[in-house]
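All remarks here apply to the structure that follows.
The values are calculated or read from the model by the stated rules, or taken from the named source; none is laboratory data. From a predicted model like this one, the values you see are computed outputs, not experimental measurements. Ideal geometry is used to build each Cβ from the backbone, glycine not excepted, and the neighbour counts take in all protein chains shown. In case anyone asks, the SASA skips ligands and DNA or RNA and just uses the protein heavy atoms, side chains included. Shrake-Rupley method; radii C 1.70, N 1.55, O 1.52, S 1.80 Å.
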Amino acid sequence: MLNIADNPQTAAELHPQGQTRIKAAATLIGVHHQTLRRWWKADKFPKPTDINGILLFRNADLLAWLERQHSASEV
């Protein structure tokens, strides 16, 4: 069974073993979903996986990316 987050409000709501849809991930990060598309095509963001025609981000990848952004902003 897939653990898909449709509308996470914070990173704490992401189950590390789950997956999140593009628009929900964009909302969580605070950018437009097309921005995420540009970022992953430019290798600035994790690429989603295609599961039966639905693009999903692994929550572990999102959490790691958010942690790197947080760490970089503290330097």
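Structural remarks
- Residue list for the stretch 10-33, filter: within 16 Å of Ala64 (Cα to Cα) and of a type in the set (D, E, K, R): Glu13
- Pairs with Cβ under 7 Å, 6+ apart, first in the stretch 11-24 and on the phi < 0 side of the Ramachandran plot, second among the aromatic types (Phe, Trp, Tyr): Gln19/Phe57; Thr20/Phe57
- Search result, residues across the stretch 34-59 that are assigned to a helix (DSSP H, G or I) and open to solvent by 40 Å² or more (accessible area, probe 1.4 Å): Gln34, Arg37, Arg38, Trp39, Lys41
- Those residues of the stretch 14-28 which are within 9 Å of the chain's Cα centre (by Cα) and open to solvent by less than 40 Å² (accessible area, probe 1.4 Å), in sequence order: Gln19, Thr20, Ile22, Ala24, Ala25, Ala26, Leu28
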